[in-house]
Amino acid sequence: MKKKLLAWAMILLLTVGLLSGCGGSGKASDSAAQTAPSEAWDMAASEETAAYDGSAAMDMPSAPQEGAKIIYTAELDLETTGFDEAVKTIADLTAELGGYYESSSISNGGTYRSARYAVRVPAENYRAFLDRAGSACHLLDLYEYTDDVSMVYYDTAGRLETQQAKLERLQQLLRQAENMEDIIAIESAVAETEEQIDRLSGELRHYDTQVDYSTVNVYLREVYRLSNVEEPAQGFASRLAAALKSGWSGFVTGMQNIAVALAYGWMWLLLAAVIALIVILIVRRSAKRRAKARAEHPAAYAAPVYTAPQEKKDP
């Protein structure tokens, strides 16, 4: 009788576990609703109601509610005339605010350099990083994105608690089981439940990482002159001085570009110089041979003397 009751209890428990696992992707089960924190489910219910009620959505405050799980992401487009200093400033600012580089790259191609960073900073320092980085360099564009994952986060947490409670009941049944078939079935259910617990725990850790550390994608460009900066009106003398300075700068830049182009093609210049030298040597040697031949045989190289034809006299 005791074995039959144990077998029926195991079958009932496995059925409840399967139903709770299948219903995880839709609505949470009753056991999940009982084990999940009441505050989490209250907040999830209020968000769901606001999603379908337009007036409620308009009345929602801009600041996130307490306990909300929000992922912040931003893109900064910056430019600077002092590239090395700006790179150091961003690195120091990231370290000061407790962040790190998820990825970074610097391009030295062309006349000007550029850098790309994926910066991860603590969520509480997210706004400070945007403000200070935008002040340290010339800000062109700023894009911000928010992703509220509160509902899926607390739903995952509720399903995790359900699986943990299920694991405790299975382990209790395993200690009471005496039949080998029951032991094997319960151990299989324990393994599946532990796998679900590991997966749900991994999802929660991923969400915690995304929520706790915001992501800022920084694009920094080196420029000769900052964009969208209004210059004050100038008089004739200032304009003339600026034109002279700009002309001299353009001349120097042009000469530098020519020097760089010659440096890129130095192999071709060397080849052209060797060919020109060979041609000059051949021409000189040919001229020396002709001069020597003319000296040894002057008659052969003498110009023919023109003799006018004489008229014949009649007898």
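Just so it is clear, none of the values below were taken in a lab; they were calculated from the coordinates. Every value quoted in this text rests on a predicted model; they were computed, and no experiment measured them. As a convention, Cβ positions derive from the backbone with ideal geometry for all residues, glycine included, and neighbour counts pool all protein chains shown.
Let me see the P(r) profile for the range 130-204: every Cα-Cα distance counted, bins of 5 Å, each bin given as a percent of all pairs.
Cα pair-distance distribution for the range 130-204, in percent: 3, 13, 16, 12, 9, 8, 7, 6, 6, 5, 4, 4, 3, 2, 1.
Going highest first, how would you order 121-131, 141-151 by mean Cβ packing within 10 Å?
121-131, 141-151
Rank these for me by crowding, 278, 70, 90, going from fewest to most other beta carbons within 10 Å.
278, 70, 90
Indicate the gyration tensor shape class of the range 83-141 (rounded, prolate or oblate), computed on the Cα atoms with a ≥ b ≥ c the square roots of the eigenvalues: a/c under 1.5 is rounded; otherwise a/b larger than b/c is prolate and the rest oblate.
prolate
Among 96, 79, which comes first, second and so on when ranked by fewest other beta-carbon atoms within 10 Å?
96, 79
How much length is gained if the chain between residue 181 and residue 142 is pulled fully straight, taking 0.36 nm per residue apart and subtracting their Cα-Cα distance, in nm to one decimal?
Result: 7.7 nm gained on full extension.
Which number do you get for Rg(Cα) / (2.2 N^0.38 Å) in the range 240-293?
2.10
What are the equivalent ellipsoid semi-axes of the range 66-199, built from the alpha-carbon gyration tensor (square roots of five times its eigenvalues), in whole angstrom, biggest first?
Those come to 52, 17, 11 Å.
Could you please report the charge total around residue 113, scoring K, R as +1 and D, E as -1 over all other residues with beta-carbon less than 14 angstrom from its beta-carbon?
Here the count lands on -1.
So the label point goes 7 Å from the Cα of residue 253 along Cα→C-beta, right? Which residues of the range 103-118 then have their backbone N under 20 Å from it?
Flagged as within label range: 108-115.
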